[in-house]
1. Within the chain, what whole-number % of the accessible surface is contributed by carbon and sulfur, with the 1.4 Å probe and all protein chains included in the calculation?
2. Could you do me a favour and compute the accessible area per residue for the chain, 1.4 Å probe, result in Å²?
3. Given R₀ = 35 Å, what would the calculated FRET efficiency be for Ser151 paired with Leu58, taking r from the Cβ atoms and rounding to 0.05?
4. Using modelled amide H (1.01 Å from N, peptide plane; none on Pro or chain starts), what sits under 5 Å from the amide H of Phe174, excluding residues fewer than 5 places away?
5. Starting from the Cα of Ile120, step 7 Å along the direction of its Cβ; do the same at Ser42; then give the gap between the two resulting points in nm.
6. Tell me which of Ala73, Pro108, Leu134 sits at the most positive position along the dipole axis of region 64-188, charges placed on C-beta atoms (Lys, Arg +1; Asp, Glu -1).
7. When the Karplus curve 6.51 cos²θ - 1.76 cosθ + 1.60 is applied with θ = phi - 60°, which whole-Hz ³J(HN,Hα) does each residue of region 125-139 get, with x for Gly and Pro?
8. For region 73-153, what does the relative contact order come out to in percent, with C-alpha contacts under 8 Å and a separation of six or more?
Amino acid sequence: MNGGKDGLQIPEYDYLTGLLSFGKFRETVERIIVSQAASGESSIMVCSDFENFEEYNLQYGYAAGDQLLKDFADYIIGTMREKNRVYFTRAVADQFILYMPYDWERTPDAAARVQKLNEIFLEQQRKLRPDVRLRIRTGICPVTPDCTNPSRIIDRANRARKMVASDDAETVVFYREEDIAEDQALQE
C-alpha cells in the first residue's frame with residue numbers, strides 16, 4: 001500500500017475483482033497521461049456500467065451480482081492485447097473504468113469494437129441465465145495531449161456513458177462537447 005493524502009493508505013487492489021483500486025488507478029493513470037502528453041501517443045478512457053444491475057442483484061442475489069462483476073473484469077482483461085499498458089478499475093458498485101493506448105489508424109472505430117466486446121460478454125451471461133435483462137452502457141473519451149487531468153477525462157467518459165438512454169440500440173457513446181452541452185440544456 002502507498003501513503004495517500006493525510007497519511008491514509010491507498011489500497012492497491014479492489015477487494016472484489018482484484019483490479020487496481022480506484023485510488024491507485026487514478027494515481028497511476030495521472031502519471032501516464034502527463035508523460036503521454038509529451039510523446040503524442042493516443043489513448044482512450046472507457047467508462048462502463050450495467051443497466052439494471054440492482055434488479056439483477058434482487059433477482060439472483062448479491063453473490064451472483066458479485067460474480068458477474070468478477071466475470072466482467074476477467075473478461076475485459078482477457079481481451080486486452082497489451083495488458084502491461086492497460087489500466088482497469090472498478091470505481092464503485094458496477095462502474096468500471098479502463099484506460100488504454102489506442103491506435104486510431106489500426107482500429108478507427110473504437111465504439112464498434114467496445115460494443116462488440118460488450119455484446120459477447122452479455123451473450124456469455126445469457127447462456128448461464130437465459131432470462132437476464134442486462135445491458136452494458138459505455139462512454140468513451142479520447143485522451144488528448146492538452147488534457148493532463150485524469151479526473152476530467154474520467155468525468156467526460158462517465159458523462160458520455162450517462163447519455164446512453166434505456167431505449168437506445170447503441171450502448172456506446174463518445175464524449176462530445178456539443179452532446180453534453182445539449183443534454184445539460186434539456187435538463188435545465
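The values are calculated or read from the model by the stated rules, or taken from the named source; none is laboratory data. All of these numbers come straight from a predicted model, not from anything done at the bench. As a convention, Cβ positions derive from the backbone with ideal geometry for all residues, glycine included, and neighbour counts pool all protein chains shown. When the accessible area is computed, the model is the full protein with side chains, heavy atoms only, and any ligands, DNA or RNA have been set aside. Shrake-Rupley method; radii C 1.70, N 1.55, O 1.52, S 1.80 Å.
1. Values: 5200 of 10440 Å².
The nonpolar share, carbon plus sulfur, comes to 50 percent.
2. Values: 10440 Å² over 188 residues.
I get 56 Å² per residue for the chain.
3. Working: r = 32 Å, r/R0 = 0.92.
My answer for the efficiency is 0.60.
4. Ile140
5. Inter-label distance under the simple model: 2.2 nm.
6. Ala73
7. Per residue, the Karplus-derived 3J(HN,Hα) values read 5, 5, 5, 7, 9, x, 8, 5, 10, 10, 9, 9, 9, 9, x Hz.
8. Values: 34 pairs, mean separation 12.7, N = 81.
That works out to 16 percent.
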